[in-house]
Amino acid sequence: ILNVEQSPQSLHVQEGDSTNFTCSFPSSNFYALHWYRWETAKSPEALFVMTLNGDEKKKGRISATLNTKEGYSYLYIKGSQPEDSATYLCAFRGGSQGNLIFGKGTKLSVKP
Amino acid sequence: NAGVTQTPKFQVLKTGQSMTLQCAQDMNHEYMSWYRQDPGMGLRLIHYSVGAGITDQGEVPNGYNVSRSTTEDFPLRLLSAAPSQTSVYFCASASPRDRGGETQYFGPGTRLLVL
């Protein structure tokens, strides 16, 4: 059974703080790692799709890194804003025909 | 483009009733899938389809049927609803891009309560 772990489960930060969280996944048969942002009462929206070891992706204040050899990805948010409050999901795809396996997410709350 | 649409948004069923959750996308995506979201769990794949006429089981398929007669539509059928199927259901679609990393686009979800 493939396991995708995210830590921490939840995180409370003050506006302006920078933060990061982790996604751990199997290091064998890696194909792609996805990050999604999921606001309450909405549907998940894609942030990044990462496919190569050492990949770094950036979108505004949010960035992500990927280490496929050791099986982890970090998501960073610089200068958190209240509108960053959401659950951040990562999902692992093993093999070109594999389906996405989602982690349980990290719930971020940013206080003004 | 409307993207991925789902109906209904909310439904209450009695145990044993059947119903169909509708999902449609207008992006000409070949891949479509159904997930359920339960408290404390990640999104779990129920069924998926890689194209019209092709469906396959995901992680939690029991109690659900799907069909894919067109590229646009991917309905999910609950054959005989059980309280354990109380959940939020998300439909998603995807089209391959770049090197194997296809982004999934999610619908707004259907909240189902089975009494």
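The values are calculated or read from the model by the stated rules, or taken from the named source; none is laboratory data. Keep in mind that this is a model prediction, so the values were computed, not measured. In this analysis, Cβ positions are derived from the backbone assuming ideal geometry, glycine residues included, and neighbour counts consider all displayed protein chains.
Of all residues in the range A:18-33, those satisfying the criterion of being loosely packed, with under 15 Cβ neighbours inside 10 Å and either under 18 Å from A:THR106 (Cβ atoms) or in contact with a Pro (Cβ under 6 Å, 6 or more places away or on another chain) (or both) are A:SER18, A:ASN20. The strands (runs of 3 or more DSSP E) falling completely within the range A:1-72 that include 3 or more residues that are charged (D, E, K, R) map to A:56-59. Counted as qualifying within the range B:22-66 are the strands (runs of 3 or more DSSP E) with 1 or more residues that are without any contact (Cβ under 8 Å) to a residue 24 or more places away in the chain, of a type outside the set (D, E, K, R) and under 22 Å from B:GLN11 (Cα atoms), namely B:44-51, B:64-66.
Conditions tested, residue by residue: (1) at the interface with chain A (Cβ under 10 Å from one of its Cβ atoms); (2) at pLDDT 95 or above; (3) over 29 Å from A:PHE30 (Cβ atoms); (4) surrounded by 21 or more Cβ atoms within 10 Å (Cβ to Cβ).
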site: B:ASN28; (1), (2), (3), (4): no, no, no, no
site: B:TRP34; (1), (2), (3), (4): no, yes, no, yes
site: B:LEU43; (1), (2), (3), (4): yes, no, no, yes
site: B:ALA52; (1), (2), (3), (4): no, no, yes, no
site: B:GLU59; (1), (2), (3), (4): yes, no, no, no
site: B:PRO75; (1), (2), (3), (4): no, yes, yes, no
site: B:LEU79; (1), (2), (3), (4): no, no, yes, no
site: B:SER95; (1), (2), (3), (4): no, no, no, no
site: B:ARG99; (1), (2), (3), (4): yes, no, no, no
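Name every residue in the range A:86-112 that is in contact with a helix residue (DSSP H, G or I) (Cβ under 6 Å, 6 or more places away or on another chain) and either surrounded by fewer than 20 Cβ atoms within 10 Å (Cβ to Cβ) or at pLDDT below 95 (or both), in order of residue number. The answer is A:PRO112, and nothing else. Checking every residue in the range B:73-93 against the condition of being within 14 Å of the chain's Cα centre (by Cα), closer than 28 Å to A:LEU33 by Cβ and assigned to a loop (DSSP other than H, G, I, E, B) gives at least one match. Going through (1) within 9 Å of chain B (Cβ to nearest Cβ); (2) among the charged types (D, E, K, R); (3) loosely packed, with under 12 Cβ neighbours inside 10 Å one by one, A:GLU83 falls short only on (1). Checking each residue in the range A:1-48 for being β-branched (Val, Ile, Thr) and in contact with a Phe, Trp or Tyr (Cβ under 8 Å, 6 or more places away or on another chain) picks out A:VAL4, A:THR19, A:THR22. Please work out which residue is nearest to A:PRO8 (Cα to Cα), limiting yourself to the range A:89-112 and to residues that are outside any loop (DSSP other than H, G, I, E, B) and away from every other protein chain (no Cβ under 12 Å). Applying the filter and picking the extreme gives A:LEU108. Being β-branched (Val, Ile, Thr) and in contact (Cβ under 8 Å) with a residue 40 or more places away in the chain is a property that does not hold for A:VAL49.
The set of residues in the range A:1-17 being closer than 28 Å to B:GLY107 by Cβ, surrounded by 14 or more Cβ atoms within 10 Å (Cβ to Cβ) and over 12 Å from the mean Cα position of the chain (by Cα) consists of A:LEU2, A:LEU11.
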